[in-house]
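Enquirer: Structure below; questions to follow.
The values are calculated or read from the model by the stated rules, or taken from the named source; none is laboratory data. Model, not experiment: these values are computed from the prediction. Here the Cβ is made from the backbone with ideal geometry for all residues, glycine too, and neighbour counts use every protein chain on show. Ligands, DNA and RNA are stripped out before the accessible areas are found, and what is left, the full protein with its side chains, is counted by its heavy atoms. Shrake-Rupley method; radii C 1.70, N 1.55, O 1.52, S 1.80 Å.
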Amino acid sequence: MTSTLETSAETGRAPSEPQITRLPARRAVAELGLGLVFAVLFSFVLQLAVSRMHIDPGTNVLVALAALAAFVIFAVLFAVVGFGLARSWPMWSKVGGAWAALTALTTLLLAVPLQASRFFLEGSSVDNTFRLQYLERMASTGSLADMNYPGIAPYYPGGWFWLGGRFANLLGWAGWAAYKPYAITWIALTPVVAFVLWSLVISRRLAVLATLPAVLAGFISVAVDEPYAWPSSVWLPPIAVLAWQVFRRRDRVPAWTIVLIGGYLGFCGITYTLHLAFGVLLVVVLAVLAGTLDVRQGAAAGPTARRLLLRLVGIGALTGVLSLVTWGPFILAGGLAKPNVAAHFLPEGSANFPTPFVPNSMFGVLCLGGLAWVVVRSRRNPVAFVLLVITTLVYLWFAVSTLALLARTTLLAFRFVVTVDIALSVAGVLAAVELIRVLGRYVRPVAAVGLALALAGAIALAQAGLASMKDAINTAEADYYADGFNAKGQHVPGDDGAWTGALISAIGSLSGRAPTGDVVLSAYDRLLSFQPYWGFQQTTPQYANPLAGYVQRNDEIEHWAASASPAELRARLAANPHQPPNVFVFRKDGDDLVMPIASDSFPQAAPVHVDNVRFDPKLFDSTAFTRRDVGPFAVIVER
């Protein structure tokens with residue numbers, strides 16, 4: 001490692017003191033604030049316009065229109081950046097143009113293909129079942145609450161969903177209906193913020209080019225299907241570069257840079273716990289590397305350690321304060337001491353190390369070039385160095401996650417595949433820019449060739465992203481809404497979703513309560529995605545709150561089923577240590593009423609084992625209960 005590192009990807013000079021940021025504090029704050037407002041408003045306008053297209057599902061027209069939109073945006077953007085067409089424009093017009101291009105690209109790549117559905121990617125299936133449930137909960141209350149269980153402190157960070165609840169209230173929509181526009185808006189504002197963050201550490205033109213591959217990586221890997229985790233993934237590299245600059249500075253650093261780094265980590269704390277853990281680890285590693293480098297260059301170890309420790313304390317204090325907004329109640333309730341199976345999941349993506357650099361696609365070639373660049377340039381270029389550290393740390397995370405299997409858990413390493421994708425694809429673009437600059441000294445038309453290749457590569461990546469999202473889009477069009485119909489107008493009685501509207505109606509009429517007044521035990525897991533009912537039991541143990549006593553609740557359900565009479569059942573319900581359900585939604589199986597209960601079966605690839613608990617219908621043959629059959633289900637409400 002040389003004694004000094006370059007402060008930007010485009011310069012070969014090594015100053016004696018690393019520059020902290022390219023933008024002053026006031027400008028950076030203004031751009032972050034105005035960029036957010038612009039992205040939210042512009043994305044919403046675009047989504048509104050797209051919603052008026054009224055193109056039926058089941059056609060390639062929407063994909064074709066999305067690809068055309070991406071091509072036009074890329075062509076204009078690369079022409080302006082590559083040939084300096086905006087050189088004479090005022091700075092705010094250049095920045096605003098970048099905001100518009102990034103917002104339009106991300107919005108249209110999602111809103112257009114999903115135009116025919118009210119759902120976001122993957123509809124109400126897979127993890128969206130609990131995401132819609134969480135947004136329904138937050139739309140029904142102004143405070144943080146568990147998505148499922150009444151009366152206990154929430155476990156999963158609810159910051160993103162709480163804001164989503166306010167968004168739904170503003171529109172006057174149900175939580176599930178607001179999820180799609182809310183998710184797309186967040187995905188659209190993410191690159192705008194990333195562009196501003198990159199502008200702190202590299203030039204404006206490179207900031208735009210560094211943001212684009214990060215965005216496209218999210219579409220190719222379909223990481224955008226987790227919109228509350230996507231921002232912290234994209235913002236990590238520029239924040240890490242800024243942290244490196246802060247730690248390398250031997251004299252005083254601007255306080256606002258410490259606040260920005262701590263604010264990012266705090267944001268992770270209130271939105272996505274895994275990214276908080278990884279981000280804190282990365283920042284500490286960068287601080288240790290900076291200190292080691294300083295000591296090797298002759299700095300005294302004691303003052304160096306104190307300087308770095310003070311900066312880490314400042315970052316950590318803000319991180320902790322922000323994280324406690326969502327984590328405080330859970331910690332105070334003793335949640336950290338409870339059994340936790342959230343990490344009991346080992347899909348194929350966690351069993352294998354990520355290899356995005358296999359050159360069997362345009363994206364693979366880009367990442368391969370990025371890998372070579374970070375290795376070759378890390379000694380002289382701080383951006384390359386930080387991207388190499390991020391990549392290395394992800395691979396170490398995978399290794400430790402595998403070793404954690406000895407303790408019958410994991411670190412959910414697959415969630416960081418996109419982190420490597422982003423780091424190496426950004427590095428690939430920066431490598432290409434550097435190569436073009438070198439070749440440009442000897443070959444005159446290299447800029448035109450580079451522009452043509454960039455445009456071809458970008459549209460290829462965008463179309464690869466659209467292809468990757470195809471199954472998720474098809475699911476969004478096929479899944480049923482709250483009224484029992486889907487985007488195609490289908491209402492197939494053999495599908496559980498076709499009965500959603502009837503189930504909601506039956507519960508409302510039999511219970512006579514508002515949805516938030518009902519505690520439901522349901523054999524149909526998606527029912528709670530469409531109404532803010534409280535649930536007696538979470539469908540999947542990995543998503544259950546450790547404070548809820550998941551295993552004990554399963555035992556209680558089996559205990560109820562073993563009752564000998566309606567009176568005994570009611571007595572057992574009343575003696576239950578948890579708030580009992582007043583609404584049961586059973587699946588009918590002959591004369592039996594079936595309630596599936598799930599248990600953890602880790603390390604199976606599908607780590608959930610389901611048993612069917614059978615209730616004798618005679619247990620509800622009492623005036624204390626009322627029943628209505630709805631398709632394959634039986635709704636029973638305790639009066």
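Enquirer: Taking the alpha-carbon distance from residue 618 and a cut-off under 19 Å, which lysines remain once sequence neighbours fewer than 8 residues away in the same chain are dropped?
Expert: 588
Enquirer: Please work out the FRET efficiency for the pair residue 256 and residue 392, using the Cβ-Cβ distance as r and a Förster radius of 25 Å; give the result to the nearest 0.05.
Expert: In this case the efficiency is close to 0.30.
Enquirer: Using 0.36 nm per residue of separation minus the Cα-Cα distance, give me the extension gain between residue 29 and residue 448 in nm, one decimal.
Expert: Values: separation 419, 0.36 × 419 = 150.84 nm, distance 3.57 nm.
Gain on extension, residue 29 to residue 448, equals 147.3 nm.
Enquirer: Taking all protein chains as present, what is the carbon and sulfur share of the accessible area of the range 480-530, in % to the nearest whole number, probe 1.4 Å?
Expert: 50
Enquirer: Give the separation of the Cα centroids, the range 482-522 to the range 294-349, in Å.
Expert: Spelled out, the Cα-based centre of one part sits 43 Å from the other.
Enquirer: Shifting gears a bit: Enumerate the lysines that residue 180 could reach by cross-link, defined here as Cα to Cα under 21 Å, with residues fewer than 8 away along the same chain left out.
Expert: Result set, ordered by chain and number: 470, 488.
Enquirer: Share of the range 324-383's accessible area from carbon and sulfur, percent, 1.4 Å? Can you show the working numbers first?
Expert: On the way: 2250 of 3220 Å².
Answer for the range 324-383 is 70 percent, counting heavy atoms of protein chains only.
Enquirer: So, one more: Can you give me the relative contact order of the chain as a percent, contacts being Cα pairs under 8 Å and 6 or more apart?
Expert: Numbers: 1060 pairs, mean separation 110.8, N = 639.
Across the chain, relative contact order equals 17 percent.
Enquirer: Compute the acute angle (0 to 90°) between the alpha-carbon long axis of helix 566-575 and the principal axis of greatest extent of the alpha-carbon atoms of the chain; round to the nearest 10°.
Expert: On a 0 to 90 degree scale, this one is about 40.
Enquirer: The list (1) 29.7; (2) 27.4; (3) 26.4 gives values of Kirkwood radius over Cα pairs in Å, and only one came from this structure; which label was calculated from it?
Expert: Read-out from the structure maps to (3).
Enquirer: With a 1.4 Å probe and every protein chain left in place, work out the accessible area per residue of the chain in Å², rounded to a whole number.
Expert: Heavy-atom accessible area per residue stands at 40 Å².
Enquirer: Given the C-alpha centroids of the range 598-629 and the range 112-131, what is the distance between them in whole angstrom?
Expert: Distance between centres, Cα-based: 27 Å.
Enquirer: Note the angle between two axes, namely the Cα long axis of helix 159-171 and the longest principal axis of the Cα atoms of the chain, as a number of degrees from 0 to 90, rounded to the nearest 10.
Expert: 70
Enquirer: Also: Would you mind telling me the share, in percent, of accessible area of the range 70-194 contributed by carbon and sulfur at probe 1.4 angstrom?
Expert: Details: 2560 of 3710 Å².
Roughly 69 percent of what the probe reaches on the range 70-194 is carbon or sulfur.
Enquirer: On a 0 to 90 degree scale, rounded to 10, what angle separates helix 446-468 from the longest Cα axis of the chain?
Expert: The answer is roughly 10 degrees.
Enquirer: Also, quick follow-up: Quantify how much of the Cα-Cα distance distribution of the range 393-503 extends past 24 Å, in percent.
Expert: Distances greater than 24 Å cover 62 percent of the Cα pairs.
Enquirer: Within 10 Å of each candidate Cβ there may be at most 13 other Cβ atoms; applying that plus a DSSP loop requirement, which chymotrypsin sites (Phe, Trp or Tyr not before Pro) in the range 433-537 survive?
Expert: The qualifying sites are 442.
Enquirer: Here's another thing I want to ask about it. Hey, got a sec? Which trypsin sites (Lys or Arg not before Pro) in the range 21-106 land in a DSSP loop and have at most 13 other Cβ atoms within 10 Å?
Expert: Details: sites: 22, 26, 27, 52, 87, 94; in loops: 22, 52, 87.
Taking the range 21-106 and a limit of 13 other Cβ atoms within 10 Å, the loop trypsin sites (Lys or Arg not before Pro) found are 52, 87.
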